Amino acid sequence: MRLYLKEAILVVVVCTVTACSPARQKAFYHSTAPESTAAVAIEGEGNQPVEQVVEQVEKSQQILDEALEFCQASQDFWGQGDLENAFASLDQAYNLILRTNTNENPKLIQQKEDIRFMICKRMLEIYASRHTVANGNHDAIPTVMNRHVEREIKLFQGLEREFFLESYKRSGTYRHEILKALAAAGLPRELSWLPLIESGFKIKALSRARALGLWQFIPSTGYKFGLKRDQWIDERMDPKKATQAAIDYLQELHKIFGDWCTVMAAYNCGEGKVLRVIRNQNINYLDNFWDLFERLPWETARYVPRFLAALAIINNPEKFGFDLKDTDKPLSYETVTISKQSRLKDIAKAIDLPSQSLDSLNPELRYKVTPPTPYELKVPRGKGKILLAKLDEISVYKIPRRLYVYHRVRRGETLSHLALRYRTSVRGIAAANNLRRRHLIRAGQRLRIPTKWKGPIYASAGKTGGAALSRPLWHRVRRGDSLWLVARRYNTNIRTIMHLNKLKRTRLHIGQVLAIRKGTDEVGSKVSTTYRVRRGDNPYYIAKRHDMKLERFLRLNNLTPRSRIYPGQVFLVDVE
């Protein structure tokens, strides 16, 4: 930093505190306007002869005018991106005002101080711009090497070497498009390596903070920068759209901080946290990332040195013992707008492609199903016309209806027992009940159990015509059901339902199976009814008691030979 930079900083602080008024700025421009020599000379008259005073004033005014010319030249050099000559011009201007003898003339003193303020302010602006993207300079992000960066380099060389090599290899898939977007926005090329630190160039990377995708957006920030998120699509996993959102965010942060290292720190932990650190400092002059480093959260403070370490390795891999030659090929695709909701697996089969290729081109589809609204589907080049020709042959996706039953936990039961009993998964039960600690359930707790019950014996309301008349009709009790509502739904009466099910009272419980009418099922000619499990029962005894084959009892109740049954459960059995 130049010798007078500290003085420049102090001048800016004083001017900021005193909040220079528009009147002062106006006075400055008036003071630099040409004035008659006589007018200035009269104000400077003292004991010296008038001619000598006029000569000194003219000489001082010429020096100040020359200093202003150098300031203007500095501005021109800065606009062209020539920072060295911009600094040199300000050097000359500063040396000139130091030589100026104002002779206690108020006008000259005012001009000198205003020019000094202009030089100091311009020096700070140019110094800060060395860390910004002036004219897209590839040196916009400084390649700092300090102990923090060196420590991250050693980690990449050791424990994280495999991660670095795999991430670098994956970068080939997406970095070409990222570079084009950065160039269009006028941002440094080096920012294309941010995803290596953010996500390892994994398109579906998910952090502990629920940040998702190549650029690791949390839902709120993604929404702020236009990334759509609904039942079918999460555009945080769309490489192209997420890249544009990241560029918009980085540009906004750069307008706030002006220093790319601080911008990257804010990208990692949020601008609010960095601004609080800056505000809480006791120092009011120019903020630099390394001034803030120790006050930032550890993960954020490590983030920038980690990025600079990656840049150092990529720029000179041989020096650090890396061979960075092989990368994955860039994506090559075309888009086809479709309005039909279909599975990617069915689309891939129609155009003779492995389903994985469509999955990798459209990672933003959360369930590998196109949405019901018009959607631009990415397909390999040359497959667009084929897809349009076969679009009518692709089946429409129907949303599967998720069925639930409710279970009151008994002493000794675990989620794995319930998952086996209801033919579902521990993860499914945990998700349906928002269980964070999956293995902790308590007796008496009421759980919602997702199930895929598709047995043909449970008919729904309205399916009572034709061949269905010869089949029995059953109803599984759901939340809110009552005998009156069930009877009304199936066009029968409460007395008939109680008689068929041998009910002594009208109270029902969720999951209970009710016979609505008798008949013959699709398996045989026997009539089915319900049976409530008692203590000591097992499938074999129940089947034998009702003169049934064990295989039929299990199939009728969607059980397996390993299924466990409990007292109070209701099953279907044959009756004469």
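The values are calculated or read from the model by the stated rules, or taken from the named source; none is laboratory data. From a predicted model like this one, the values you see are computed outputs, not experimental measurements. Virtual Cβ from ideal backbone geometry, glycine too; neighbours counted across all protein chains shown.
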| Among 236, 208, 170, which is of a type outside the set (A, V, I, L, M, F, W, C), farther than 18 Å from residue 333 by Cβ and either over 10 Å from the mean Cα position of the chain (by Cα) or outside any helix (DSSP H, G or I) (or both)? | 208
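For every residue, the table says whether it meets (1) crowded, with 17+ Cβ neighbours inside 10 Å; (2) out of contact with any Ser or Thr (no Cβ under 7 Å at 6 or more places or on another chain).
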site: 342; (1), (2): yes, no
site: 352; (1), (2): no, yes
site: 358; (1), (2): yes, yes
site: 363; (1), (2): yes, yes
site: 374; (1), (2): no, no
site: 378; (1), (2): yes, no
| note | Picking from 196, 214, 187, the residue that is aliphatic (A, V, I, L, M), buried (at least 16 other Cβ atoms within 10 Å of the Cβ) and assigned to a helix (DSSP H, G or I) would be 196
| Restricting segment 480-511 to residues that are part of a helix (DSSP H, G or I) and of a type in the set (D, E, K, R), the residue that is modelled with the highest pLDDT | 495
| said: Every residue in segment 542-569 that is farther than 16 Å from residue 529 by Cα, over 47 Å from the mean Cα position of the chain (by Cα) and touching a residue at least 40 places away in the same chain (Cβ under 8 Å), please. | reply: none
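Residues checked against (1) modelled with pLDDT under 90; (2) within 25 Å of residue 373 (Cα to Cα); (3) touching a helix residue (DSSP H, G or I) at 6+ places or on another chain (Cβ under 7 Å); (4) among the hydrophobic types (A, V, I, L, M, F, W, C):
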position: 196; (1), (2), (3), (4): no, no, yes, yes
position: 207; (1), (2), (3), (4): yes, no, no, no
position: 215; (1), (2), (3), (4): no, no, yes, yes
position: 225; (1), (2), (3), (4): no, yes, yes, yes
position: 240; (1), (2), (3), (4): no, yes, yes, no
position: 243; (1), (2), (3), (4): no, yes, yes, no
position: 247; (1), (2), (3), (4): no, no, yes, yes
position: 250; (1), (2), (3), (4): no, no, yes, yes
position: 263; (1), (2), (3), (4): yes, no, yes, yes
| message | Please determine whether any residue of segment 300-314 is exposed (fewer than 15 other Cβ atoms within 10 Å of the Cβ), closer than 24 Å to residue 174 by Cβ and not aromatic (Phe, Trp, Tyr). | response | no
| Inside segment 383-422, can you point out the residues that are within 35 Å of the chain's Cα centre (by Cα), of a type in the set (Gly, Ala, Ser) and farther than 30 Å from residue 354 by Cβ? | 416, 419
| message | Considering only residues that are of a type in the set (Ser, Thr, Tyr), in a helix (DSSP H, G or I) and more than 19 Å from the chain's Cα centre (by Cα), which ones fall in segment 350-377? | response | 355, 357
| Residue check: is residue 330 part of a loop (DSSP other than H, G, I, E, B) and under 30 Å from residue 161 (Cβ atoms)? | yes
